[in-house]
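The values are calculated or read from the model by the stated rules, or taken from the named source; none is laboratory data. Because the structure is a prediction, the values reported are computed rather than measured. Cβ placement follows ideal geometry from the backbone for every residue including glycine, while neighbour counts extend to all protein chains displayed. Each accessible area value is taken on the protein alone, full model and side chains, heavy atoms only, with ligands, DNA and RNA left out. Shrake-Rupley method; radii C 1.70, N 1.55, O 1.52, S 1.80 Å.
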Amino acid sequence: MTPTDTRSLYLDLFEKVVTNVVYRDAPIPSAWVPGTDFDPEKRENGLDWPSTAHTMVGLKRIRNVRRALETVLAEGVPGDFIETGVWRGGVCIFARAVLKAYGATDRRVWVADSFEGIPDTGAEGHAMDREMALHRANDVLGVSQDTVRRNFERYDLLDDQVRFLPGWFKDTLPAAPIGQLAVMRLDGDLYESTMDALEALYPRLSPGGYVVIDDFCIPACRKAVEEFRDAHGIRDTMEPIDDYSVFWRRGR
């Protein structure tokens, strides 16, 4: 077996483990995601809130992260990986696994989250964010930094290439000690969280780098993305990952 075959087997298995399609854990029922039975189609498309899996993004979106990272590594697009809104950390753990599988020692994985859940935007927040009121689900969506760190440790992937940015995006991202980014994955759900991440991070994205929007199906998130692209004259084609998420590559 060649090193390439071994690497592929490792990452193929990692995709299944981090989404837990192996043991098929039951979803956590909620007003947004009803039902308590494991549904492989929902897990494929990231439509449930797993009770055990370390990510809720599903197999299609995990594979998108893998393709993006493998492409920037193959093409030499400089920069790190960041996810804004990490839940239990599964996507960032997978990103670190990809870098390790390819022996990429010069790139970091940035783990950006409040580690308290979704912010309560309050009376002064964006109207669309107030209407969603996702903070009401913080008993599920709020995962501590200690828990995420322990999840990295379970895979033996917590090292000095993993950096944490705890706090609200508007406070942490503008001054974050990040140089260049090759892949930025935004999973903040809200208008304000999405706009804060785009404004702080997009200027650091290398040409040929990837922007991944997990929550494009949410009207508030979509509005932030469209307004940002219009304001900055971004015409790079957005491509669907599944029915809920999109990505584009920054023009060279």
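Looking at the range 80-102, can you tell me whether even one residue there is open to solvent by 30 Å² or more (accessible area, probe 1.4 Å) and without any contact (Cβ under 8 Å) to a residue 60 or more places away in the chain? So far as the range 80-102 goes, yes, one or more of its residues are open to solvent by 30 Å² or more (accessible area, probe 1.4 Å) and without any contact (Cβ under 8 Å) to a residue 60 or more places away in the chain. Within the range 175-199, being part of a loop (DSSP other than H, G, I, E, B) and either more than 22 Å from Arg88 (Cβ to Cβ) or out of contact with any Cys (no Cβ under 9 Å at 6 or more places or on another chain) (or both) holds for Ala175, Ala176, Pro177, Ile178, Gly179, Gln180, Asp187. Filtered by the rule that a residue be on the phi < 0 side of the Ramachandran plot, open to solvent by 50 Å² or more (accessible area, probe 1.4 Å) and of a type in the set (Asp, Glu), the range 156-190 gives Asp159, Asp160, Asp171. Going residue by residue through the range 108-125, is there one that turns out to be farther than 30 Å from Asp12 by Cβ, at pLDDT 95 or above and open to solvent by 50 Å² or more (accessible area, probe 1.4 Å)? Scanning the range 108-125 turns up no residue that is farther than 30 Å from Asp12 by Cβ, at pLDDT 95 or above and open to solvent by 50 Å² or more (accessible area, probe 1.4 Å).
Residues in the range 1-20 that are touching a residue at least 60 places away in the same chain (Cβ under 8 Å) and of a type outside the set (Val, Ile, Thr): Arg7, Tyr10, Leu11, Phe14, Glu15.
Filtered by the rule that a residue be open to solvent by less than 40 Å² (accessible area, probe 1.4 Å), in contact with a Lys or Arg (Cβ under 6 Å, 6 or more places away or on another chain) and free of Cβ contacts under 8 Å to residues at least 40 places away in the same chain, the range 21-51 gives Val21, Asp48.
When the residues of the range 229-251 are filtered to those that are small (Gly, Ala, Ser) and outside any helix (DSSP H, G or I), the one that is nearest to the chain's Cα centre (by Cα) is Ser245. When the range 52-79 is filtered for residues that are buried (at least 24 other Cβ atoms within 10 Å of the Cβ) and of a type in the set (D, E, K, R), only Arg61 remains. Checking each residue in the range 211-252 for being surrounded by fewer than 21 Cβ atoms within 10 Å (Cβ to Cβ), in contact with a helix residue (DSSP H, G or I) (Cβ under 7 Å, 6 or more places away or on another chain) and more than 20 Å from Ala200 (Cβ to Cβ) picks out Pro219, Asp242. Considering the range 54-74, and only residues there that are among the basic types (Lys, Arg) and without any contact (Cβ under 8 Å) to a residue 60 or more places away in the chain, the residue that is farthest from Ala182 (Cα to Cα) turns out to be Arg63. Of the residues making up the range 80-108, those that are small (Gly, Ala, Ser) and in a loop (DSSP other than H, G, I, E, B) are Gly85, Gly89, Gly103, Ala104.
Among Val21, Val72, Val77, which is under 24 Å from Leu198 (Cβ atoms), in a loop (DSSP other than H, G, I, E, B) and at pLDDT 95 or above? Residue meeting the stated conditions: Val77.
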